[in-house]
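Enquirer: Please read through the structure below; I'll follow up with questions.
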Amino acid sequence: MASAREKIEAEFENIELALADLPKADSLSRLSALELAGAGAIIHNFYNGVENVLKQLSITKGFPIEQGPSWHSNLIETCLSNQTISMATGMMLRKYLAFRHFFSHGYSFDLNAKRMIPLIEKIRETYSSFKRDIEKALKN
């Protein structure tokens, strides 16, 4: 069976594969509705990978993973309170959590390129900050 570190590394690889296909932020306004939905799916996949890492690390460290309709938000709060992620990383991740919620529960024709641009512009910075925090948490 794979170790927690191996599972987390596999998630990092998957996140990086997803991000490699993400279009440039300045091209979003020229994308078709189908292409914009694809870009939204990549942002959604990014956040799903983040959650998978946070869940795996929480299980490994013995932190509770709450159930119920707000478990996604509670997962970030648990990781903040246990210093698994920094406050700065948590603030960045909340934006992707909000997008994940919208993308999961809305319609692709409601996607707005202008609202997605800041997410795409900051996604690699967010991922770098997240990955640094996780690497630090794995050492503790």
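Enquirer: What residues from the range 80-102 fall in the zone where the backbone N is under 20 Å from a label point 7 Å along the Cα-to-C-beta line of ARG115?
Expert: Inside the label zone: 91-102.
Enquirer: If each of SER3 and SER81 carries a label point 7 Å out from its Cα toward its Cβ, how far apart are those two points in nm?
Expert: 3.0
Enquirer: Moving on. How large is the charge dipole for the chain, taken about the Cα centre, if only the Cβ atoms of Lys, Arg (+1) and Asp, Glu (-1) carry charge, to the nearest 20 debye?
Expert: 300
Enquirer: Expressed as a rounded percentage, what relative contact order does the chain have, with Cα pairs under 8 Å and six or more residues apart?
Expert: Working: 114 pairs, mean separation 45.9, N = 140.
In percent, rounded to a whole number, it is 33.
Enquirer: Please tell me which of these pairs span more than 30 angstrom C-alpha to C-alpha: LYS24/LYS139; LYS95/LYS136; LYS24/LYS61?
Expert: LYS24/LYS139; LYS24/LYS61
Enquirer: Tell me the GluC sites (Glu not before Pro) within the range 97-140 that lie in a loop according to DSSP and have at most 14 other beta-carbon atoms within 10 Å.
Expert: Of the GluC sites (Glu not before Pro), not one in the loops of the range 97-140 has a Cβ with at most 14 other Cβ atoms within 10 Å.
Enquirer: What nm value, rounded to one decimal, do you get for the distance between SER104 and LEU138 when each label is placed 7 Å out toward the C-beta?
Expert: Here the modelled spin labels are 2.5 nm apart.
Since every read-out is calculated from the coordinates, none of them should be taken as a lab result. The structure displayed is predicted, hence computed values, not measured ones. Note: ideal-geometry Cβ built from the backbone for every residue, glycine included; neighbour counts use all protein chains shown.
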